[in-house]
1. Could you go through region 86-93 and let me know if any residue there is assigned by TED's automatic domain parsing to the domain that holds Ser192, surrounded by 13 or more Cβ atoms within 10 Å (Cβ to Cβ) and in contact with a helix residue (DSSP H, G or I) (Cβ under 7 Å, 6 or more places away or on another chain).
2. For region 203-223, which positions are over 28 Å from the mean Cα position of the chain (by Cα) and surrounded by 14 or more Cβ atoms within 10 Å (Cβ to Cβ)?
3. Hey, can you tell me all the residues within region 61-85 that are buried (at least 18 other Cβ atoms within 10 Å of the Cβ) and among the aliphatic types (A, V, I, L, M)?
4. Which numbered condition trips up Asp134, out of (1) under 30 Å from Val58 (Cα atoms); (2) exposed (fewer than 12 other Cβ atoms within 10 Å of the Cβ)?
5. Return the residue satisfying two criteria in turn: it lies in region 150-175 and is among the hydrophobic types (A, V, I, L, M, F, W, C) and surrounded by fewer than 19 Cβ atoms within 10 Å (Cβ to Cβ), and of such residues it is farthest from the chain's Cα centre (by Cα).
6. Tell me, please, whether a residue that is within 15 Å of the chain's Cα centre (by Cα), in a helix (DSSP H, G or I) and modelled with pLDDT of 95 or more can be found in region 176-198.
7. Which of the residues belonging to region 233-248 are touching a residue at least 12 places away in the same chain (Cβ under 8 Å), closer than 18 Å to Leu63 by Cα and out of contact with any helix residue (DSSP H, G or I) (no Cβ under 7 Å at 6 or more places or on another chain)?
Amino acid sequence: MGKRGQVTIFIIIGIAIIAIGVLIYAFYPQIQSLIKPESKNPAAFMQSCLEDKIEETVEILSLQGGSVEPEGYYLYEGNKLKYLCYTNQDYQLCGIQISFLRNHIETEIENEIAEEIDACFTDLKDSYEKQGYDVSLTKGNTTVELLPEKIMTTLTNELALTRGDTERYETFRIVLNNNLYELIGIANSILSWESNYGEAEPLIYMGIYPYLEVEKFKQIDDTKVYILTNINTGDKFQFASRSLPFPPGY
């Protein structure tokens with residue numbers, strides 16, 4: 001009776017194993033998509049792969065007046081703040097150092113993430129090839145745009161995946177929630193005051209924009225450090241200006 005019971009158990013286990021195998025075979029595509037959701041969503045893969053690098057680059061630019069490697073800067077609390085308006089002449093108004101600040105920052109982001117984009121597409125291609133796809137990848141252009149409440153990176157690389165049928169992807173968009181667009185607009189207004197009158201009043205801006213904190217710290221050499229902070233999001237942009245300086249000891 002004991003031997004018969006053991007045989008029965010082995011038969012039941014064998015049937016269960018066969019049944020599980022049949023189910024896995026039947027539902028393998030669905031199971032695979034659950035395990036590797038990126039395999040059916042290349043855009044999500046690229047968003048996940050690039051967003052940290054973009055966020056890191058934006059933070060550096062925000063703390064350094066819009067330049068990754070600023071030339072002509074004021075060192076403030078360990079950060080190289082780009083002089084966005086500057087003069088080295090006493091009693092003179094400053095001159096704007098970057099004519100189109102928003103465009104400059106967009107280009108800085110594009111240049112800084114270029115290698116990471118190539119690496120992410122290489123990882124994406126390798127991932128699909130390991131899954132049995134024939135992969136065709138054509139390099140395209142990269143465009144970064146500062147937009148209200150977000151930064152959008154658009155990639156026009158063309159990806160074709162073939163395993164039986166062919167799926168094509170021609171545009172990838174990576175979106176980062178950030179208020180740098182608004183902060184740059186306010187910075188441009190401050191720079192206009194600095195270049196025309198030598199000063200800007202933070203209270204005016206905070207009265208117009210209740211979510212905004214504008215700080216101005218005057219340094220011993222008449223450099224002014226401006227720090228703009230969106231109170232709701234914590235996004236920040238800071239820069240330096242030197243306008244209408246007085247001679248030492250005045």
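1. Initially, region 86-93 is screened for residues assigned by TED's automatic domain parsing to the domain that holds Ser192, giving 86-93.
Filter once more, keeping what is surrounded by 13 or more Cβ atoms within 10 Å (Cβ to Cβ): 86-87, 92-93.
Add one more test, that the residue is in contact with a helix residue (DSSP H, G or I) (Cβ under 7 Å, 6 or more places away or on another chain), and what stays is 93.
Yes, there is a match, as at least one residue in region 86-93 is assigned by TED's automatic domain parsing to the domain that holds Ser192, surrounded by 13 or more Cβ atoms within 10 Å (Cβ to Cβ) and in contact with a helix residue (DSSP H, G or I) (Cβ under 7 Å, 6 or more places away or on another chain).
2. Selection gives Asp222, Thr223.
3. Leu61, Leu63, Leu81, Leu84
4. (1)
5. Just the residues of region 150-175 that are among the hydrophobic types (A, V, I, L, M, F, W, C), to begin with: 151-152, 155, 159-161, 172, 174-175.
Now narrow it down to the ones that are surrounded by fewer than 19 Cβ atoms within 10 Å (Cβ to Cβ): 152, 160, 175.
Values: Met152: 8, Ala160: 26, Val175: 7 Å.
For region 150-175, the residue satisfying everything is Ala160.
6. Going residue by residue through region 176-198, those that are within 15 Å of the chain's Cα centre (by Cα) are 176-181.
Keeping just the survivors that are in a helix (DSSP H, G or I) gives 180-181.
Filter once more, keeping what is modelled with pLDDT of 95 or more: 180-181.
Yes: one or more hits.
7. Those that are touching a residue at least 12 places away in the same chain (Cβ under 8 Å), closer than 18 Å to Leu63 by Cα and out of contact with any helix residue (DSSP H, G or I) (no Cβ under 7 Å at 6 or more places or on another chain): Thr233, Ala240, Arg242.
The values are calculated or read from the model by the stated rules, or taken from the named source; none is laboratory data. Worth saying up front: this structure is predicted, and the values here are computed from it rather than measured. Cβ sites come from the backbone with ideal geometry, for glycine too, and all protein chains shown count toward neighbours.
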